[in-house]
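I have placed the structure first, in the form of structure tokens, so that the comments after it can refer back to it.
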């Protein structure tokens, strides 16, 4: 067998990185649960026709087929594809199980998704997402839109990402599609969606080309294009953005509704976590299915890589004709975020294994004795390995050193006279397996 | 959109079941870490030629292809398939990263795998596996084979599965391929592997048909077939099996080596967890790549469904010609085990959401006040939701009841006079958000 090689777009973290990922995911999950979101996992596959409902994404889908299937795999009626996000499967799950669920239904979902995109920095073909959504039947109160960014702030806010200035490591940019659509309508644009798509490209192509695009695709006059760009330039860390919008002199009922909703989002954010959110009127979430508040999230110091967490309110994603299930949610791109942080060396871990103690071995015949010591330590929650061989103690200590295991335990004779050595300081003290306790900071690997 | 339907073989647990699954997986993971196994996740896909190295499994593989790919997806050189277990990807990972890993390398891996098999009870097309393996370079000491069942016993032994008789909920059946091959060779069978395959079918087809198969495929005489069956009938909860094997009067160096190794496994198991292991000489793990100890695991009360966790020692799975990485491991079929337990109603959870407290809402204008109370409770680790609407208190209490949320918090006026009600007992007491603490048993959902 020749040496295997990586597959582009399918990242594999080394165990220390995986431990960091687990730490981050545990934190996210714990926060989601603190807010009362219940866990869900959906199957990895969906019927292809479900996945293609949003036409734009069809190019990204991976089909699956059984190797021994009769005939060539096809994109036919029974075709299955790997999910490319967790929102489409969730909408399907809600429709399928509506009769069994309690509404409003708050769920979180942390799973891999797959996209056949061309891989590049921060873009993968297989990656981990962590989503929350709240859906209700028929009507979803808009206060839920104000809750979502707080959950995100708590989930990612405490990550140990430098930030000597005490700032949160993330900035949630919020807007509301009703503001954009109402404003565009208010200035007389016939195709607000076309305008929205043009403005959505502002960061990438700049104001001049957006103005040209607005003229071309939305039939905007110079004055209308200017107004759109003026709106997009508004940004504030508090509800004051609303006065700035109103100062543009446009009136429209949908605009007013959107302003009130975004004001509520900002008021809640300021009360809960000052500096977490900015109302940024250029955020549009282009072609997606959003109908109210929209969110994007910058990782401070990595702004140029774009959003690491985005979402919004969607009124029409889950509907079977009779019943409608409006929802709001956000998705954290865990792999994307960690890829950037690992690339920058911004996160490290204190050791490469969970092990806190290595029990040394005087000779192979005394392994049962070392096993008993390890048992006693594990029973009290101390991660422990027994030395794989009865090599010289120096070699056993190097086994621990190479993995960052902080303690080596030397069994005494006949169960008495045990000693434990902190191999960082060299300090060695007498110890009893049923009693000895490492400092709390050494029990598990720590992230810095 | 018409009502979606389940896809056979791709199970989706409801959120309460998913909470149970998380509890079980957390327990497994914690145990793996207590034994010093480091976490790893490999990508979901492998090159098809890697997946087909074990020819027998080719029928089970799912191919993936990009929808927009030129030409029909093929099983050609670049073809990718979804992994069908975690051992083959792990062996590939070790070869690919050998230069960066510390050996012996202890890793665990908890991931979904996919097989295109016909679904049936306890058999799925998508399922979760939890694996541990220890690999070394060139030589792997056999004491590792004695460690594996202990990890399994600790990971699954404490699950709340009835067992009023105090027995562990699992029974690990261990054997050693060297015993079987050495014994078959010792009685003069020319093709020990053919004999092994025949004996492996004992549980399914019975002794008479195994004897016929032994004659047919391994050229066994009546006496040889009888000896094979006599060996297969030996079973003991301790090292005494060895004397029973020796009493059959067969001698062979490989047999002796296998006996010594299995004795060590049983001695270690008896010392650590009496009743966890049985030496069962009929266990063979048929066509797999095992070369030493092999394990299967019965879930007590569900024996008829077969093994829920199996594995063994493999000497030749990871090798690039020059370097060889022998290993030993075991895989827990988490979805399989939970599918059986859910089907029997053997596991339940105390509520259907993580939420411990629902903060009630007197009217919508006072939501910020209820949000502040929720914040204070969450900061102290108490999962809390705020009522989605300012409906009558009776309706808000029913919101909690339907989800099993044990406490409803009633804000007083202006931040004083708050009360909290245990809606199970009806008891209502004064409470302060920064101080009140639920009983530990109510903090998180509990599994019974």
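Values in this text are rule-based calculations from the coordinates and carry no lab data. The model shown is predicted, which means the values in this text are computed figures rather than measured ones. In this analysis, Cβ positions are derived from the backbone assuming ideal geometry, glycine residues included, and neighbour counts consider all displayed protein chains.
Observations
- Degrees separating the helix A:202-218 axis from the principal Cα axis of chain A, which is the longest one: 30 degrees
- As a length-normalised measure over Cα pairs under 8 Å and 6 or more apart, the relative contact order of chain B settles at 15 percent.
- Kirkwood hydrodynamic radius of the protein assembly as shown, from inverse mean 1/r over distinct Cα pairs, in Å: 30.1 Å
- Of the residues B:367, B:18, B:167, the one that moves most in a GNM of chain B with alpha-carbon contacts below 10 Å is B:367.
- For the pair residue B:447 and residue B:435 in one chain, pulling the backbone fully straight at 0.36 nm per residue adds 1.6 nm over the alpha carbon distance.
- Peptide ranges B:344-356, B:418-430 listed from the most packed, as the mean C-beta count within 10 angstrom indicates: B:344-356, B:418-430
- Per-residue mean of C-beta atoms belonging to partner chains within 10 Å, peptide A:105-117: 3
- Dmax and Rg, reported as Rg then Dmax, of chain A (C-alpha, Å): 27.2, 92
- Cα centroid separation, the stretch A:249-268 to the stretch B:178-240: 79 Å.
- Helix-only [θ]222 nm of chain A, DSSP H runs n ≥ 4, -39500 (n - 2.57) each, per residue, nearest 500: -11000 deg cm²/dmol
- Degrees separating the helix B:222-232 axis from the principal Cα axis of chain B, which is the longest one: 30 degrees
- Inter-copy label distances at residue B:381, shortest first and taken from points set 7 Å along Cα to Cβ: 0.8 nm.
- Two-site label geometry, residue B:364 and residue B:230: point separation in nm, points 7 Å out along Cα→Cβ: 8.5 nm
- Distances between copies of residue B:430, taken at a point 7 Å out from Cα along the Cα→Cβ vector and listed shortest first: 5.4 nm.
- Two-site label geometry, residue A:190 and residue A:319: point separation in nm, points 7 Å out along Cα→Cβ: 2.5 nm
- Eigenvalues of the alpha-carbon gyration tensor of the stretch A:141-314, scaled by 5 and square-rooted, set the equivalent ellipsoid semi-axes at 28, 18, 13 angstrom, largest first.
- Folded to 0 to 90 degrees: helix A:15-34 orientation relative to chain A principal axis, Cα: 60 degrees
- Among B:179-185, A:136-142, the peptide with the highest mean count of other Cβ atoms within 10 Å heads the list, and the full ranking is B:179-185, A:136-142.
- Average partner coverage of B:26-38, which counts Cβ from other chains inside 10 Å: 6
- Counted over the stretch B:357-443, the DSSP beta bridges are approximately 55% antiparallel.
- Residue of B:81, B:327, B:417 that the Gaussian network model of chain B assigns the largest fluctuation, springs spanning Cα pairs under 10 Å: B:417
- The mean number of partner chain beta-carbon atoms within 10 angstrom of a residue's beta-carbon across peptide A:15-23 is 4.
- Position residue A:253: other-copy label points at 9.3 nm, ordered by increasing distance, label point 7 Å along Cα→C-beta.
- Burial ranking of peptide ranges A:336-342, B:46-52 (average Cβ count within 10 Å, highest at the top): A:336-342, B:46-52
- Alpha-carbon Debye profile of the stretch B:357-443, log10 I(q)/I(0) at 0.18, 0.22, 0.26 Å⁻¹: -0.69, -1.08, -1.56
- Alpha carbon centroid spacing (whole Å) that separates the stretch A:21-44 from the stretch B:72-133: 24 Å
- Paramagnetic label reach from residue B:208 (point 7 Å along Cα→Cβ; backbone nitrogen cut-off under 20 Å): within the stretch B:232-257, residues B:232-233.
- Rounded to the nearest 0.05, the FRET efficiency derived from the C-beta distance between residue A:425 and residue B:49 at R0 = 60 Å is 0.75.
- Taking 0.36 nm per residue of separation and subtracting the Cα-Cα distance, full extension of the segment from residue A:395 to residue A:167 would add 77.5 nm.
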